[in-house]
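Right, one structure below, let's go through it.
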Amino acid sequence: MQYTMSSVFCNVPSLYLAMKVVAPKNLNAFAWSLTATASMLVVYVWGASFGWELRAVNAYQFFPVLGLLAFSIMWAHYMVGALKRLTGRFDGMENYTRYTGYVVLVALVLHPGILVYQRFHDGFGLPPGSYESFVAPSMAWLTLLGTASFFIFLAYELRRWYAGKKWWKYVVAAGDLAMLASFYHGLRLGSQLQGGWFHALWLFYGATLSMSIVYKCRCRYSVA
């Protein structure tokens with residue numbers, strides 16, 4: 001068998017000893033720590049943006065943190081997934097996947113849900129019109145990008161029933177594209193992402209997310 005560079009890096013047994021040097025020994029603990037850190041950074045930057053005056057927070061100020069939180073946790077999922085492929089350690093993380101997945105699902109639903117409700121309550125109707133009147137005209141397409149990503153993420157929740165189907169790989173690929181779209185959606189529309197250290201961190205998230213997606217695709221399709 002001939003090995004390409006990608007097949008070597010995806011052939012876990014041949015590189016197991018080397019990967020132990022750079023991978024955390026307790027992957028489950030690392031996953032929880034990474035997710036908790038990413039989540040706390042989101043809450044910190046959000047709260048600091050209005051001086052932690054929580055009593056003055058309205059729906060328009062609250063809904064963005066849910067989107068940032070959902071993306072940050074999903075980014076952690078991608079990082080942990082890359083490490084799992086790298087080391088070949090796939091067991092013992094059921095609770096991490098289940099409980100963080102619940103948090104992501106709730107945040108994903110509430111992020112647009114709160115905005116939809118508030119815009120309707122304020123007399124702006126329903127999406128997509130209520131979205132388009134909320135942002136600058138040149139940014140309206142980004143709200144639709146977020147909506148498309150939202151429905152793809154919801155479709156991915158059907159994996160427990162359909163993950164074994166031959167066509168499920170297309171849903172997985174769509175989920176990867178939705179993650180990249182969500183990154184850009186946040187980068188352009190997120191008020192906490194227009195400058196400062198969190199903007200730089202978001203760019204880091206985007207770069208590492210892209211690399212993890214490429215790595216996943218190479219492992220899946222390029223092993224000789």
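The values are calculated or read from the model by the stated rules, or taken from the named source; none is laboratory data. Only a predicted model underlies this, so the values are computations on that prediction, with no experimental measurement involved. FYI the Cβ positions are ideal-geometry reconstructions off the backbone, even for glycines, and counts take in every protein chain you see.
For the reader, a short list of remarks on this structure follows.
- Scan of the range 158-212 for residues that are touching a Pro at 6+ places or on another chain (Cβ under 9 Å) and either assigned to a helix (DSSP H, G or I) or over 26 Å from Glu132 (Cα atoms) (or both), ordered by number: Gly186, Leu189, Ser191, Gln192
- Residues satisfying the criterion are present in the range 54-61 (criterion: assigned to a helix (DSSP H, G or I) and in contact (Cβ under 8 Å) with a residue 12 or more places away in the chain).
- Close pairs from the range 66-94: first polar (S, T, N, Q), partner not in a helix (DSSP H, G or I), Cβ under 6 Å, at least 6 apart: Thr87/Ala23
- Count of the range 140-167 residues, restricted to those that are farther than 23 Å from Val116 by Cβ, touching a helix residue (DSSP H, G or I) at 6+ places or on another chain (Cβ under 8 Å) and modelled with pLDDT of 90 or more, is 0.
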